[in-house]
1. Restricting attention to segment 111-135, and to residues there that are loosely packed, with under 10 Cβ neighbours inside 10 Å and outside any loop (DSSP other than H, G, I, E, B), which single residue is modelled with the lowest pLDDT?
2. When the residues of segment 179-208 are filtered to those that are at pLDDT 95 or above and over 18 Å from K140 (Cβ atoms), which remaining residue is surrounded by the fewest Cβ atoms within 10 Å (Cβ to Cβ)?
3. Considering segment 179-218 alone, what residues qualify as being part of a helix (DSSP H, G or I) and either touching a residue at least 40 places away in the same chain (Cβ under 8 Å) or over 21 Å from A128 (Cα atoms) (or both)?
4. Suppose the filter is of a type in the set (A, V, I, L, M), touching a helix residue (DSSP H, G or I) at 6+ places or on another chain (Cβ under 9 Å) and outside the structural domain of R127 (by TED's automatic domain parsing); does I52 pass it?
5. In segment 136-178, which strands (runs of 3 or more DSSP E) lie fully inside it and hold 1 or more residues that are of a type in the set (F, W, Y) and either under 15 Å from M190 (Cβ atoms) or in contact (Cβ under 8 Å) with a residue 24 or more places away in the chain (or both)?
6. Would you check which residues across segment 130-153 are touching a strand residue (DSSP E or B) at 6+ places or on another chain (Cβ under 6 Å) and on the phi > 0 side of the Ramachandran plot and list them?
7. Considering only residues that are of a type outside the set (A, V, I, L, M, F, W, C) and farther than 21 Å from D215 by Cα, look in segment 157-183 and name the one that is nearest to the chain's Cα centre (by Cα).
8. Could you tell me which of the residues T103, T70 is β-branched (V, I, T) and under 19 Å from L11 (Cα atoms)?
Amino acid sequence: MALANLIFSLLLTLFVVIAFVPIRRDPITGWCFSVGWPVSEFAGQILVLDGIIVLALGTFGGWRGQFGETAIVVNGLAFLGLAVLVALGFAARGVVARALAATPGFPVTVTADHRRPRWGRWWRVARAVPLPSRDLAIKKNIAYLDDGVKAHRLDIIQSKITTTNAPVMLYVHGGAWVFGDKREQGKPMMFELAARGWVCVTVNYRLSPKATWPDHIVDVKAAIAWV
């Protein structure tokens, strides 16, 4: 069991290191991305899960002997790295606040109903599963170009409470213009903003290799024009 604890601790530490310092050399790049982004996005949840696993392994002798003692030290490094990632996540609030403060037209005046969502604040973050509240309305697959192309569709996420002069955020999903879909990314952020009075628009666009430059940018500009 001590050996299993050491192997687990080494792998977790490796994944945390990759989250901080990814290897940008093919063919390792794709693998680093696959293990690095979950650690970065779910650092808090992994931190809690790591504590549970280590305690469980320790209960069955995972801390005994040289392997067990080494595992404690190695896992401590991973635990520290995850804690730093959590701290960086909380610091993002200040980054967004400063960016909005420097943007013309902000701060935006919203109604009292939008100033604080009525559903569990800490639970929305802790669960890490993007589920909309009952206060949100989602309109899907609206054509922003009338050409019949399925990629030229967008979704609108907004509060059911009528709002005028609301700020609008256009979300362009990642994927290096090659993969991805508007259904897959940005949901926690958009659900949170919409609950606070924003109107969020997430768009699809033509993907490579079938689409070539500058098709992707043309599509995004067309979506901006529609908004």
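The values are calculated or read from the model by the stated rules, or taken from the named source; none is laboratory data. Because the structure is predicted, anything quoted here is derived from the model rather than measured. Reconstructed Cβ throughout: ideal geometry from the backbone, glycine too, with neighbour counts over all protein chains shown.
1. R115
2. S208
3. Passing the criteria: K187, P188, F191, E192, A194, A195, D215, H216, I217, V218.
4. no
5. Hits in segment 136-178: 168-172.
6. N141, the sole residue that qualifies.
7. My answer is Q158.
8. The conditions single out T70.
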